[in-house]
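S.K.: I have a structure here, written as structure tokens, and I will follow up with some questions on it.
Read-outs: derived from the displayed coordinates by stated rules, not from any lab. Since this is a predicted model, take the numbers as computed values, not measurements. For neighbour counting, all protein chains shown are included, and Cβ atoms are generated from backbone atoms with ideal geometry for every residue, glycine included.
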2 protein chains.
Amino acid sequence: MAGLLDDIKETLLMGPGPSCVYDEVYTAIARPTIGHLDPYFIKIMDALKEDLKTIIGTSNRLTMPMSGTGSSGMEACFVNLVEHGDKVLVLTNGVFGKRMEDVAGRLGAQVDSIQFEWGTPVLPDKVAEKLRGETYAIVAVVHAETSTGVCNPVQAVGDLVRPTGALYLVDCVTSLGGIPVRMDEWGADALYSGTQKCLSCPPGLAPLSFSGRALGKLNARKSKVPNWYLDLTMIMNYWEGNTRAYHHTAPINMIYALYAATRRILEEGLDKVYARHRAAHEQLVAGLDKLGLSMYVQKEFRLPMLNAVSIPEGADDAGVRSRLLKEFSIEIGNGLGPLAGKIWRIGLMGHTARPENVDRLLKALAACLKK
Amino acid sequence: MAGLLDDIKETLLMGPGPSCVYDEVYTAIARPTIGHLDPYFIKIMDALKEDLKTIIGTSNRLTMPMSGTGSSGMEACFVNLVEHGDKVLVLTNGVFGKRMEDVAGRLGAQVDSIQFEWGTPVLPDKVAEKLRGETYAIVAVVHAETSTGVCNPVQAVGDLVRPTGALYLVDCVTSLGGIPVRMDEWGADALYSGTQKCLSCPPGLAPLSFSGRALGKLNARKSKVPNWYLDLTMIMNYWEGNTRAYHHTAPINMIYALYAATRRILEEGLDKVYARHRAAHEQLVAGLDKLGLSMYVQKEFRLPMLNAVSIPEGADDAGVRSRLLKEFSIEIGNGLGPLAGKIWRIGLMGHTARPENVDRLLKALAACLKK
């Protein structure tokens, strides 16, 4: 093997993703490649779909991974559902809301948005007010804003969107597998995630689910989906039904890896997995408090798996992150956009969310912050 | 690990891709995941780019893998280069030429095409005639038509396209790493491939390269690229330069795998790799001849890595393929479109292209064809 690959140093991944990968997932990803039309591979695809439905909280038949990273899930939702001129409302309080605006705009949507301060949640009252004044084809929100560590009230927003007839699109990239995701209960019509956050699989796939209503809009399109690679009308003929028509060659080994991850999570049990994330988060917050560090987000809106920590006065943002990586083999994330230089982002995602990892980080951080 | 994954049976992959994966690549894909902004990962990215340039035969700075399978490479080339109303000429003699027409049309191109009979090559004379009558923004062709096993004369077509000022786009999904690909010599402006053919890596990435002229057209676009996920103006800021700005989370472990594959190929030596493909092909053709089977494509146009074999009168197409897979653990491919039921497609790609594999297939095929 190439020397560079031999010398990769195992890193404790406590940034905004990728997270530490389960051992079973590493074993799975190196299993022998078989054909994408091999009946045995189709069995694996079917089993994976069932696991994804359970973790996503849906009975949608159209539930499967897109052959790209989390952002391809965002692209897939919008490109399949937006037709030129559709009015789309995005509820934005961070990088990924902004990204949704950009994605939808490029596809010819009339994009409207409500901007909330980064580090604070989407406010249902403002959403209700906006929805009284205008009719939208799609309303989109991020469940777990990876750029700020804020949890958005997706259930409350869903309750407002449903009566308007708009399709409800929810980004669950960072939430899926770390806090409850209940697509059907929320009344969400399109939902996507990524593999490298709380699913603890390497990056490369984007689990996605469409409701019957979303599928209805897709099937009623006046124009072809302007993206062959992500066209769900064709992809679903490969993931569903009896013919399993070839569309593109599925990323076989990544699918093995994702299936090993969903198996591991469901064998541990979703409630236990969520509790483990919650406990690691509480341990982290208490430990940071002892170090004199404070959280950027108000307590009731904090995500357990993505912790925005205010960088203390006088601390060297990049210097601390670089020392953590070089001396302690721990990765944490920087702030983005208006939060650059103001916060560190500490991920407690999936396999990473364990007490020994939190301890290791707290000790290392204490060492790096010592004058 | 999940039981289904334990029971995957190692298969001799002799279909149209995926191909057998090098052992080093399996080792590489399971190396520890590190961060996509980790300076060590960026070293691996840079080393991979250099290897890709060598195998693609280019000095283009903009050479890197897209985070999707081979078809995402096709999508990326067209979506970055086509602006609404652009005239695109596609030279079609199989499924992948048809796919190019579809992809370009969805993006608002005015698509024109020359249709050649499936199983025969693109004829430069017809191309020359067409180019005398019309000016195109892009002319696109497939080097190795995976659906038919035909090699197209990409150098001769390039010589015709260059003086017209059109950008020249070449699909090298199946050719790259199996026969010489000389992007700069051909005067190609955009080129893409996939990992699961002659590179012998699992599917999941699409190596791509843009010439300075292609980059010029991209930078002069009047409208944003209508695909956020594949927008090269942003992706190149992650793969190049000093800032390495985050766009989407790269598929880390797939990139390890591809790098292990390119290292392996370059250590064997491109000329030796090409000779190995050629020898396996000749061995196969001679062996098939002894079995009374004939090739579908005329000798001078045959690809070594994708062999279209006429299904003999009275043979059970699906039955033979299914027996090969179940009894002999060998996968071969079916015919597509007008060639369904008429041909089998036997792949000799990358690690698969070895005398012992050809022998094994010939014996198994003889057994399956016995009345």
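S.K.: Order of B:188-199, A:216-227, B:105-116 by packing, highest average Cβ count within 10 Å first? All intermediate terms of the calculation are to be shown ahead of the outcome.
M.R.: Values: B:188-199: 31.1, A:216-227: 14.8, B:105-116: 18.7.
The packing order, highest mean first, is B:188-199, B:105-116, A:216-227.
S.K.: Say we join alpha carbon atoms closer than 10 Å with springs in a Gaussian network model of chain B; which of B:143, B:84, B:277 then has the biggest fluctuation?
M.R.: It is B:84.
S.K.: Can you tell me how chain B classifies by the Cα gyration tensor, rounded, prolate or oblate, using a/c under 1.5 as the rounded cut? Spell out each step's value before the answer.
M.R.: Details: a/c = 1.95, a/b = 1.22, b/c = 1.60.
In terms of gyration-tensor shape, oblate.
S.K.: One decimal, nm, shortest first: give the distances between the label point of residue A:356 and those of the same position in the other copies, each label point 7 Å from Cα along Cα→Cβ.
M.R.: Counterpart label points of residue A:356 in the remaining copies fall at 4.0 nm.
S.K.: What is the mean number of Cβ atoms from other protein chains located within 10 Å of the Cβ atom of each residue in peptide A:344-353, rounded to a whole number?
M.R.: Counting Cβ atoms of other protein chains within 10 Å of each residue's Cβ and averaging gives 0.
S.K.: With each pseudo-label sitting 7 Å past Cα toward Cβ, what's the residue B:9-residue B:317 distance in nm, one decimal?
M.R.: 2.4 nm
S.K.: On to the next question. What size of dipole, in debye to the nearest 20, comes out for region B:23-266 about its Cα centre when the only charges are +1 on Lys and Arg C-beta atoms and -1 on Asp and Glu C-beta atoms?
M.R.: Once rounded to the nearest 20, the dipole reads 420 debye.
S.K.: What size of dipole, in debye to the nearest 20, comes out for region B:265-371 about its Cα centre when the only charges are +1 on Lys and Arg C-beta atoms and -1 on Asp and Glu C-beta atoms? Numbers along the way, then the final one.
M.R.: Working: 16 positive and 13 negative charges, 51 e Å.
For region B:265-371, the charge dipole is close to 240 debye.
S.K.: I would also like to ask the following. Of the DSSP beta bridges with both residues in the protein assembly as shown, give the percent that are antiparallel, rounding to the nearest 5.
M.R.: Details: 36 of 78 bridges.
The antiparallel proportion sits near 45 percent.
S.K.: Which of the listed residues, B:207, B:257, B:219, is farthest toward the dipole's positive end in region B:152-287, when Lys, Arg count +1 and Asp, Glu count -1 at the beta-carbon?
M.R.: B:219
S.K.: Further, regarding this structure: If you average the alpha carbon positions of region A:148-180 and of region A:284-320, how far apart do those two centres end up, in angstrom?
M.R.: 25 Å
S.K.: Let me ask something else about it. Can you give the mean number of other chain Cβ atoms that lie within 10 Å of the Cβ atoms in peptide A:354-365? List each step's numbers first, then the result.
M.R.: Values: counts 0, 0, 0, 0, 0, 0, 0, 0, 0, 0, 0, 0.
So the per-residue partner count for this stretch is 0.
S.K.: Take every residue in peptide A:5-18, count the Cβ atoms of other chains within 10 Å of its Cβ, and give the average of those counts.
M.R.: Numbers: counts 12, 3, 4, 11, 4, 4, 7, 0, 5, 1, 4, 3, 3, 10.
The shielding value for this peptide is 5.
S.K.: Enumerate by residue number the GluC sites (Glu not before Pro) in region B:289-338 meeting two conditions: DSSP loop (anything except H, G, I, E, B), and at most 16 other Cβ atoms within 10 Å of the site's Cβ.
M.R.: Of the GluC sites (Glu not before Pro), the ones in loops of region B:289-338 whose Cβ has at most 16 other Cβ atoms within 10 Å are B:313.
S.K.: Follow-up question, since we're still on this one. As a test of the formula, what do you get for the protein assembly as shown when each DSSP H run with n ≥ 4 contributes -39,500 (n - 2.57) and the sum is divided by the residue count, at 222 nm and rounded to the nearest 500 deg cm²/dmol? Intermediate values should be presented prior to the final figure.
M.R.: Working: 28 runs with 312 residues, N = 742.
So the helix-based figure for the protein assembly as shown works out to -13000 deg cm²/dmol.
S.K.: Given Cβ point charges of +1 (Lys, Arg) and -1 (Asp, Glu) and nothing else, what value in debye, to the nearest 20, does the dipole of the protein assembly as shown about its Cα centre take? Mind showing how you got there, number by number?
M.R.: Values: 80 positive and 80 negative charges, 20 e Å.
My answer is approximately 100 debye.
S.K.: Any idea which of A:113, A:30, A:47 is furthest toward the positive side of the dipole for region A:15-120, if Lys and Arg beta-carbons carry +1 and Asp and Glu beta-carbons -1?
M.R.: Checked the options; the winner is A:47.
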